[in-house]
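All remarks here apply to the structure that follows.
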Amino acid sequence: MKPEKAKAAAPQAGPACRPGHILGLKTRDLKVQVWLWGLMSLLAVFLAYPAPIDYQVGQVAEHTIRADRGFQFLDRAATERKKLEAESQVFPVFMLDDLLPGFLERQARELFREIREFLADGGQEGAEHRPAVMADFKSDFLRLFNLQNEAPVWPDLIERNFSENLEKRALGLAVEIMGHGIPDESALNLLGAASAVTVISVSTGAEYIKPRLDALLGRRELGRLLDVQARKLAVEYGQRDTDLILTLAQGLAQPNLRPDQRLTQDRLLKAAAGVPDIYVDVRPGQVIVHEGTVIDQEAMEKLKALSAGQRREINWLSRFAGLFLALFLFYNLILTLLSLDNLRHLILVPPREQLFMALVVLLTVLTVRMAMVFGIALSWEFDFVDNHTIFFGLPLPAAIMLTGVFFNLRRTTLMLILVAVTSAVVIPGEGRFMALLYMVNGGIVAALCLRNMKERKALVPASFWVMVVNCLTLLSLTLYSDSVWGGQTVNNFLAAAACGFFSGVLTSGFIPLAEMAFGFNTNLKMLELGNLDRPLLRELMLSAPGTYHHSVTVGAMVEAAAEAIGANPYVAKVGAYYHDIGKMKKPLYFVENQSGENRHDTLAPSMSALVLVGHVREGADLARANQLPKNIIDIIEQHHGVSLMGFFYHKAKEHHHPGQPEVNEGDFRYPGPKPRSPEAGLVMLGDICEASTRSLAERTPVKIKNMVKSVVNQAFSDGQLDECDLKASEIAVVVSTFTTILIGIYHQRVAYPGKKAPGPPAAEAPWPEGGKTKEPAYAHLSVEPPKGPAH
């Protein structure tokens with residue numbers, strides 16, 4: 001059958017019009033990608049917007065902060081100065097009790113009049129009660145004029161019969177003194193620096209402002225007033241009478257000017273409230289605070305206004321949506337690039353791998369966010385720590401190292417872009433560029449060191465090189481920023497070194513967790529599964545020794561070929577070891593395990609085809625039961641692709657009788673799918689090349705080389721390699737590698753002395769020519785059998 005016809009008859013994989021598919025992609029996988037990374041974009045936006053501003057007055061700014069938009073901020077200092085100016089125009093309010101002087105004057109005149117009348121009576125009537133009455137008069141007089149018992153005023157007034165002239169001059173002087181207003185001594189402490197006072201009359205409610213010294217009589221001012229009056233009185237009266245008048249006037253005068261604190265406070269509040277808040281315009285892009293400067297009160301007010309404005313600005317929805325859309329597109333474009341492992345088909349990254357990637361990105365971003373928040377608080381408490389030191393010490397390369405352990409270098413590099421860009425989004429200020437460069441450099445060296453990890457100790461040199469690159473990057477950034485070299489710089493370098501060390505430690509601890517949670521497999525796991533003492537392989541060796549030997553040979557072939565073309569040699573070798581474990585169920589139905597009778601001679605070709613197809617399904621079931629990795633199970637299911645079982649197909653056509661249904665080629669093809677990874681494609685080619693070489697009557701180097709070329713070319717032209725991304729140049733390398741190994745296995749040996757050299761092995765008839773024949777070794781393959789010398 002011609003290759004073109006066979007290819008046309010084969011079922012086509014992945015048409016765009018299949019149910020449950022969109023543009024050839026599985027709808028379920030596409031929905032998982034959209035929802036998962038949409039949620040990741042949403043979380044990243046919440047973490048990144050608005051940027052945290054947790055500075056305090058007096059703290060040193062860790063990075064330069066610019067206004068991302070125009071806004072106004074309340075200049076509290078200027079507003080407070082204006083309010084103080086307005087309050088300084090409000091004078092203390094005092095209530096003047098102008099009714100008190102008249103009341104005291106009337107009491108004093110009435111008392112003087114009663115005493116004069118009592119003294120004028122002469123004391124003839126009721127002489128026995130005279131001392132007691134005088135004692136009562138004296139007590140009332142001393143209390144009214146605030147005099148002491150020892151004062152000589154009382155005897156002097158009795159001697160002068162309480163002179164009306166003295167009374168008039170003393171009471172007039174007292175009223176004059178109180179007319180100015182006499183404040184309490186405690187009220188003087190409430191005046192502060194006021195240059196004047198507001199005086200309100202109690203009787204009329206009249207309000208007027210007077211200079212402080214003219215309106216309020218303190219102890220000093222009262223002394224000056226009395227001195228002036230004394231000089232005037234000394235001209236008219238003698239010194240003794242003058243002292244008596246001053247004593248009476250000063251004693252009768254009482255404080256009648258009291259501060260009204262409530263009214264004063266109300267006026268101060270009203271004056272302050274009448275001052276409008278002073279706002280200052282900040283333009284977009286204007287520097288609010290420079291890195292390394294001390295934050296003063298004005299800068300703090302700007303930062304608060306910027307943060308508050310970001311939270312309440314009108315267009316927050318558009319900004320939120322814009323960042324969300326940008327991240328959503330970025331994530332899906334990166335995943336699309338990851339999906340182009342096959343250049344002919346777009347195959348989405350499996351959901352579990354996407355979930356792993358999303359969790360790694362999310363944990364990294366949360367770590368960066370918490371470091372930004374807590375770093376500010378720590379730097380406020382500890383002088384040797386700043387925000388940069390905390391960031392440089394974060395073990396962020398662990399995310400890339402962990403990804404590099406499970407994925408190839410290309411996918412790890414794209415994962416690095418995901419982690420670095422998302423982390424830079426949540427870093428505030430102008431430090432994003434430096435942070436991005438620091439993360440990318442450390443992540444790249446981590447990915448390079450672990451691109452083909454064979455042993456866990458490979459984490460040690462990887463951690464060391466991350467430390468070296470981190471320190472070199474930090475050195476370059478320090479030179480670029482022209483920072484001051486000092487103790488803080490040393491702390492930053494120590495943090496960068498600690499970053500590399502702890503990244504390796506975290507990666508080592510998370511590898512088994514990721515293997516258990518996501519079913520990932522490292523090269524270390526592949527090496528464990530490739531141990532030929534594994535129970536499943538030992539069982540294969542005992543129950544199907546021919547298949548076991550074939551699998552080991554194919555494993556050596558594909559391992560060498562995978563190394564030559566850059567595929568994973570561990571997955572390829574382990575896949576080859578287990579690709580035919582399904583033959584353990586019915587080992588004698590496969591020619592490599594037969595020693596005489598061929599059981600297919602008693603079966604119809606269609607039944608033989610079912611037996612051959614069954615070993616793929618049974619092998620996959622057996623692999624699942626033994627918990628083999630999914631990529632190994634995929635190789636088991638894909639190592640025959642949709643190839644044709646040519647021997648039984650031709651046998652069925654030969655036994656076809658007229659009148660019977662036509663032989664359907666599809667009944668003699670494996671169900672597939674075709675190989676979808678380079679390793680699965682290598683196992684397919686290694687399988688057919690090793691089996692075809694066994695069928696050669698003479699295994700000379702030329703015949704082996706021609707056979708390998710023939711079967712590989714036919715598999716390629718039959719479309720079996722369409723989905724595994726093996727390029728033509730790589731297939732040429734594979735052919736060369738397979739040929740070299742097979743020639744080495746089947747090379748001619750020199751006969752021992754005295755013994756007859758063995759002849760070539762008896763050739764098995766490739767096609768039945770009558771009678772019972774054995775099934776050729778390549779009966780299950782899609783290649784045409786050789787009909788003469790291969791060229």
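The values are calculated or read from the model by the stated rules, or taken from the named source; none is laboratory data. Since this is a predicted model, take the numbers as computed values, not measurements. With ideal geometry, Cβ positions are generated from the backbone for all residues, glycine too; neighbour counts draw on all protein chains shown.
Filter segment 675-720 for residues that are part of a loop (DSSP other than H, G, I, E, B) and hydrophobic (A, V, I, L, M, F, W, C) and give the result.
Leu696, Ala697
Is there a residue in segment 714-732 that is in contact (Cβ under 8 Å) with a residue 12 or more places away in the chain, charged (D, E, K, R), surrounded by fewer than 24 Cβ atoms within 10 Å (Cβ to Cβ) and touching a strand residue (DSSP E or B) at 6+ places or on another chain (Cβ under 7 Å)?
No.
Right, Leu532: without any contact (Cβ under 8 Å) to a residue 40 or more places away in the chain and surrounded by fewer than 17 Cβ atoms within 10 Å (Cβ to Cβ) or not? Show your work before the answer.
On the way: without any contact (Cβ under 8 Å) to a residue 40 or more places away in the chain: no; surrounded by fewer than 17 Cβ atoms within 10 Å (Cβ to Cβ): yes.
Here the answer is no, as Leu532 does not meet what is asked.
What are the residues in segment 96-115 that are over 14 Å from Gln254 (Cα atoms) and surrounded by fewer than 16 Cβ atoms within 10 Å (Cβ to Cβ), if any?
Within segment 96-115, Arg106, Arg109, Glu110, Arg113, Glu114 meet the criteria.
Looking at segment 28-51, I want the residues that are within 17 Å of Met372 (Cα to Cα) and crowded, with 16+ Cβ neighbours inside 10 Å and have a partner that is of a type outside the set (A, V, I, L, M, F, W, C) and modelled with pLDDT of 75 or more with Cβ atoms under 6 Å, at least 6 apart or on another chain. Which pairs are those?
Filtered contacts from segment 28-51: Ala44/Thr422; Leu47/Arg369.
Which residue is farthest from Ile635 (Cα to Cα), if the candidates are limited to segment 686-707 and must be among the basic types (Lys, Arg) and crowded, with 19+ Cβ neighbours inside 10 Å?
Restricting to residues being among the basic types (Lys, Arg) and crowded, with 19+ Cβ neighbours inside 10 Å, the top hit is Arg699.
Outside the structural domain of Val349 (by TED's automatic domain parsing) and either on the phi > 0 side of the Ramachandran plot or modelled with pLDDT under 90 (or both): which single residue out of Gly681, Gly672 fits that description?
Only one candidate qualifies: Gly672.
Could you identify the single residue in Ser186, Ser163, Ser139 that is at pLDDT 85 or above and hydroxyl-bearing (Ser, Thr, Tyr)?
Result: Ser139 is the single residue among Ser186, Ser163, Ser139 that is at pLDDT 85 or above and hydroxyl-bearing (Ser, Thr, Tyr).
From the list Gln261, Gln250, Gln254, which residue is within 60 Å of the chain's Cα centre (by Cα), farther than 30 Å from Gln72 by Cα and surrounded by 12 or more Cβ atoms within 10 Å (Cβ to Cβ)?
Just a single option satisfies the conditions, and that option is Gln261.
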